[in-house]
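The values are calculated or read from the model by the stated rules, or taken from the named source; none is laboratory data. The model shown is predicted, which means the values in this text are computed figures rather than measured ones. Backbone-built Cβ (ideal geometry, glycine too); neighbour counts: all protein chains shown. Only protein heavy atoms, including side chains, enter the accessible area calculation; ligands, DNA and RNA are left aside. Shrake-Rupley method; radii C 1.70, N 1.55, O 1.52, S 1.80 Å.
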Amino acid sequence: MLTTSKTLDERAKNLKTIAREVRLNIIDMIYTAQSGHPGGALSAADIVTALYFDIMKFDPKNLKWPDRDRFILSKGHACPVWYACLAMKGAFPMKELKTLRQLNSILQGHPDKLKTPGVDMTTGSLGQGLSIGVGMALEGKLEKKNYHVFIVLGDGELNEGMIWEAAASAHKYHLDNLIAIVDRNHLQMDGFTEEVMPMEPINKKFQAFNWEVITIDGHNMKEILLALEKALTIKKRPICIIANTVKGKCVDFMENIREWHGLAPNEEQYKKAVECIRKGEQE
Amino acid sequence: MKKADVATRKAFSQRMLEYGEMDKHFVVFEADIGYSTYSYLFGEKYPERYFNMGIAESNTMGAAAGMAADGRTVIACSYGVFITMRAIETVRTFICYPNLNVKFLSSHGGITAAIDGVTHQATEDIAFMTTLPNMKVLVPADTIAAKKCFDLAIKTSGPVFIRLMRDPLFDVYDPDEEFLLGGSKILEKGNDITIVSYGDIIFQALESSAMLKKEGISAEIIDMYSVKPFDYQTLINSISKTGALLVVENHQKRNGLGYELSNFCLKNYPVLFDNMGLDDTFAESGKYDLVIEKYGISANHIAKKAMEIINKRK
Ligand SMILES: Cc1ncc(C[n+]2csc(CCOP(=O)(O)OP(=O)(O)O)c2C)c(N)n1
Ligand SMILES: [Mg+2]
């Protein structure tokens, strides 16, 4: 919920502290599992933190609350960021984070609706989350609910045709309760997005589908908060926030490096990563 | 049987790179997992014959069909789940129906992508691909087999699906071994029961055979690497000797090779029969060895099932 009693500066500062904790958990989980995708989890960390710790209607004691805001991590491979936020909110015990990707864990390699408390939809096959979001937004309209559906998309993921099929249908039904956030980190699995499959201008593409588009720095908490708050006020149009980010953000040796898309750190790298994230505290 | 250095996905792509020198005609399509399928090796050497279509599997298969329309051979690369499920209608109607020369490098077959979880585990791929008319299906178990299956796929006309594994397991074949469409390999000779498998589970079958030996049971182990068409002659020869057949696969129990062979036996040569695979369930994330143990397709389970079948005879 909006914590309007605090100033924007205070909220942003508080969220930055939480986001650091989220990043430490991400690195810890992937290191412990020796498997997972650090790059895209770190780039989305500030956005997902702002959603869960400030913007979204979410009650960890009542995960099936019908009026809750919905969240879909369409780029499902980045799920450590989601699991960290859910655990830190109290949806399940923190100690579960250590079980990521292990047999019998509630934390699957990609999000699993049936296994993880707080996960509203299974993902992991890219390009389909926006369609799921369209369905959830339509359901909200049909039930006359006020909830919003937030979807985090990868920029590489925008290659999938189904994304644009979803974009057209969101416009047709004037889904102003649908807010897509593109984690624009400029990398996908095989390299830089504009080399693998050029998608620019992304803003004009969404605009051409009659979406409202807001472009921000996806690591600036104040910009994130302002964009999300603006998105909540827009009527009759679906909203796309293009968040410019850095893949691997806050771990200097991972930043903008393709290899860190799906690689777990070894012990030495793990220690360095923790140090990097902690160092941010003094800044 | 020794530990393998490379996974079959990598071995296949290494051969694709070598073959690119001898055969300048074929091209490769990728869908943004080139560093995982290892197709990037080919792309680095032959950029003009390599097309990375991004994260867009249906478009990749459609474009592969278009490029193959006048007879060119195309190797289309992705993970099994995406080739066989995301893009299946394109594969069916635009590649299989017009019988085009598209060969599918399909990585992460079965639950060999154990750690990534269900979304990346192709456990229904054999059912989908063997059901498509004109499609042939190969599943190499090791490094040599993977390389030979590349050559075999190129030489076979029409669509060929090659199921590959994420992680290196074991090597069993010699470099001069021959692999044929509709062929199979008897890895161990035995008289009491025939155990048929393919891909990674062949190694579990071999391990189960060692366990069975201790119980005085000799199993004949057949690697049915050519899943479609399959080697019915070798199968008949074996089951007419053993009188019992167990089919084990890293796939849903339903509509895999087990169902195919049970149907064949019922019509042609009824014997004691059972089959093993995922029992109408999705698997989960975890270490490969632990996942195949939990879902009942490890050597222990195979040995136990083989004993059960044999005990029925007594
Ligand atoms: C349909 C589908 N195709 C391929 C993959 C394999 N894959 C996993 S992550 C990834 C790259 C994703 O890039 P992007 O969307 O930009 O995510 P991010 O950079 O935020 O990690 C790919 C190709 C997949 N999960 N789903
Ligand atoms: Mg990206």
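Within the stretch A:244-283, being part of a helix (DSSP H, G or I) and not charged (D, E, K, R) holds for A:Trp260, A:His261, A:Gln269, A:Tyr270, A:Ala273, A:Val274, A:Cys276, A:Ile277, A:Gly280, A:Gln282.
Scanning the stretch A:189-208 for residues that are over 17 Å from A:Trp164 (Cβ atoms), at the interface with chain B (Cβ under 9 Å from one of its Cβ atoms) and not in a helix (DSSP H, G or I) yields A:Met189, A:Asp190, A:Gly191.
In the list A:Glu139, A:Glu143, A:Glu165, A:Glu160, which residue meets the criterion of being under 22 Å from A:His261 (Cα atoms) and either at pLDDT below 95 or of a type in the set (D, E, K, R) (or both)? Lay out the reasoning, then the answer.
Values: A:Glu139 fails: under 22 Å from A:His261 (Cα atoms); A:Glu143 fails: under 22 Å from A:His261 (Cα atoms); A:Glu165 fails: under 22 Å from A:His261 (Cα atoms).
Just a single option satisfies the conditions, and that option is A:Glu160.
In the stretch A:96-135, what residues are β-branched (Val, Ile, Thr), within 17 Å of the chain's Cα centre (by Cα) and open to solvent by 30 Å² or more (accessible area, probe 1.4 Å)? Across the stretch A:96-135, the qualifying residues are A:Thr122, A:Ile132.
The strands (runs of 3 or more DSSP E) falling completely within the stretch B:24-116 that include 3 or more residues that are more than 30 Å from B:Glu293 (Cα to Cα) map to B:27-30, B:50-52, B:74-79.
Screening the stretch B:154-215 for strands (runs of 3 or more DSSP E) wholly inside it with 1 or more residues that are modelled with pLDDT of 95 or more and farther than 22 Å from B:Thr112 by Cβ returns the ranges B:185-188, B:193-197. Of the residues making up the stretch A:137-182, those that are touching a Gly at 6+ places or on another chain (Cβ under 6 Å) and either assigned to a helix (DSSP H, G or I) or away from chain B (no Cβ under 14 Å) (or both) are A:Tyr147, A:Val149, A:Ile151, A:Glu157, A:Asn159, A:Met162, A:Ile163, A:Asn177, A:Leu178.
Restricting the first member to the stretch A:29-51 and to residues that are away from chain B (no Cβ under 14 Å), and the second to residues that are basic (Lys, Arg) and within 12 Å of ligand 1 (Cβ to nearest atom), the beta-carbon pairs closer than 6 Å and six or more apart or on different chains are A:Leu42/A:Lys249; A:Ser43/A:Lys247; A:Ser43/A:Lys249. Can you pull out every residue in the stretch A:40-68 that is part of a loop (DSSP other than H, G, I, E, B) and either in contact with a helix residue (DSSP H, G or I) (Cβ under 6 Å, 6 or more places away or on another chain) or open to solvent by less than 10 Å² (accessible area, probe 1.4 Å) (or both)? Within the stretch A:40-68, A:Ala44, A:Met56, A:Pro60 qualify.
Looking across the stretch B:213-238, the residues that are more than 19 Å from the chain's Cα centre (by Cα) and either closer than 19 Å to B:Ala127 by Cβ or surrounded by fewer than 24 Cβ atoms within 10 Å (Cβ to Cβ) (or both) come down to B:Lys213, B:Lys214, B:Glu215, B:Gly216, B:Ile217, B:Ser218, B:Gln233, B:Ile236, B:Asn237.
One line per residue, one yes/no per condition, for (1) within 13 Å of ligand 2 (Cβ to nearest atom); (2) open to solvent by less than 40 Å² (accessible area, probe 1.4 Å); (3) under 17 Å from A:Lys75 (Cα atoms):
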| position | (1), (2), (3) |
| --- | --- |
| A:Leu153 | yes, yes, yes |
| A:Asn159 | yes, yes, yes |
| A:Phe192 | yes, no, yes |
| A:Glu200 | no, no, no |
| A:Asn203 | no, no, no |
